[in-house]
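Visitor: Below is a structure I'd like to ask you about.
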Amino acid sequence: MARAVTITSDLEPDQQPLRWDDHVALYEDVFERLTQSFSSAAIETLAPEPQSRVLDSAAGAGGAALELARRGHRVTAIDASLAMVSRTKERASTTGLVIEALTMDGQDLTFPDASFDAALSVLGVILFPDAVRGLSELRRVVRPGGRIALVTWTAPEAYELIGQLRAAALSVLGSLPARPLPAQLRFKEREEFQALFAAAGLPTAEISEVTAELVAPSPAWLAERLAFAPGMAALLEGFGGARAEVVAAFRKRLETLRGAGRISLSARAYLGSVTVANA
């Protein structure tokens, strides 16, 4: 019997699409440097045939969708943030790539059944208030025999950016308040991630671990751009009047550990992939 999947009722900053509208540029400039490695791994495990119809759910600023289009696939990218969708369209236009980019709730897709040959979601579906519904919708719109790939966080202790920021905050504040597990870490254990696929009516997923690097020109550059997502912005705001001191301590820690030039911070994620069963 599949383990129960808990649905978070209260929406966190990262789960509110309107908040993402204010973070498009920083997300693309900073965080996509990390997520694109996860996206590439997801695309490889999908192994879509040439000219496949591929859906990217919760596509963000379009990094994965652009890569799929470069490979010659017919890509539809959806996101609930209007600004993210606008940016995806802009990037596709300036690079001469064809992408259908639509503002849409990934928990309630408007596409007919079996519309796509494959689908992926990189750190997107796992953030939905109802992740089971989001994945069930991917199962519905992908044809039997098609593939779905999902990326979720794992091993949060190995996420160096947050680890260094927490250490900097501790050095300034002396202690940090206990916080509940964020929604994006609901599936950090292999068993919970597998349970998500089962709850969405999918076969047992193939799950592998992917390590990626967030590469930044310097600690100073990164310290100036830490508010690259709603959750990160809220975390920084939570430091109150000590925010500037915490950010300065973060920069100093990285410069001491890695130098003042180009740095690389690692993170780990699970990549789950599955073939949609025949009806």
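The values are calculated or read from the model by the stated rules, or taken from the named source; none is laboratory data. None of the values given here were measured: they were computed from a predicted structure. Quick reminder, even Gly has a Cβ in these numbers, built from the backbone with ideal geometry, and neighbours come from all protein chains shown. Note: accessible area is taken over every heavy atom of the protein model, side chains too, but ligands, DNA and RNA are not part of it. Shrake-Rupley method; radii C 1.70, N 1.55, O 1.52, S 1.80 Å.
Visitor: Assuming R0 = 25 Å, what is the FRET efficiency of ALA167 and ARG262, from their Cβ-Cβ distance, to the nearest 0.05?
Guide: 0.75
Visitor: Ratio of alpha-carbon Rg to the 2.2 N^0.38 Å globular estimate for the range 87-166, to two decimals, please.
Guide: Computed over Cα atoms of the range 87-166, the ratio equals 1.36.
Visitor: What nm distance separates the two modelled labels at ALA155 and SER93, each placed 7 Å from Cα along Cα→Cβ?
Guide: 4.2
Visitor: Once the piece of chain linking LEU18 and ALA114 is laid out straight, how much longer is it, given 0.36 nm per residue of separation minus the C-alpha distance between them? Intermediate results must be reported in sequence, preceding the final value.
Guide: Values: separation 96, 0.36 × 96 = 34.56 nm, distance 2.95 nm.
Going from the current span to full extension adds 31.6 nm.
Visitor: Rolling a 1.4 angstrom probe over the protein heavy atoms, how many square angstrom per residue are accessible across the range 1-115?
Guide: Numbers: 5570 Å² over 115 residues.
That works out to 48 Å² per residue.
Visitor: Here's another thing I want to ask about it. Measure off 7 Å from each Cα along the Cα-to-Cβ vector at THR211 and ALA47, then give the distance between these two points in nanometres to one decimal.
Guide: Each label point lies 7 Å from its Cα, and together they span 2.5 nm.
Visitor: Residues of the range 100-129 with amide nitrogen under 14 Å from the 7 Å Cα-to-Cβ point of ARG71?
Guide: 117-122
Visitor: Please find, in a Gaussian network model of the chain (springs between Cα atoms separated by less than 10 Å), the residue of ASP79, ASP108, ASP22 whose mean-square fluctuation is greatest.
Guide: Ranking ASP79, ASP108, ASP22 by mean-square fluctuation puts ASP108 first.
Visitor: Rounded to the nearest 500 deg cm²/dmol, what is the calculated helix-only ellipticity per residue at 222 nm for the chain, with -39500 (n - 2.57) per DSSP H run of length n ≥ 4?
Guide: Helix contribution divided over all residues of the chain: -11000 deg cm²/dmol.
Visitor: If I compute solvent accessible area with a 1.4 Å probe over the protein chains, what percent of it on the chain is carbon and sulfur?
Guide: 51
Visitor: Further, regarding this structure: Amide H neighbours of ALA59 under 5 Å, at least 5 residues apart or on other chains, H built in the peptide plane: list them.
Guide: ILE78, ASP79
Visitor: I need the calculated FRET efficiency for the pair ALA234 and LEU82, taking r as the beta carbon distance and R₀ as 22 Å, to the nearest 0.05.
Guide: Plugging the Cβ-Cβ distance into 1/(1 + (r/R0)^6) gives 0.60.
Visitor: By how many nm would the segment from ALA25 to LEU185 lengthen if fully extended, with 0.36 nm per residue of separation less the alpha-carbon distance?
Guide: That pair, ALA25 and LEU185, stretches by 55.2 nm at full extension.
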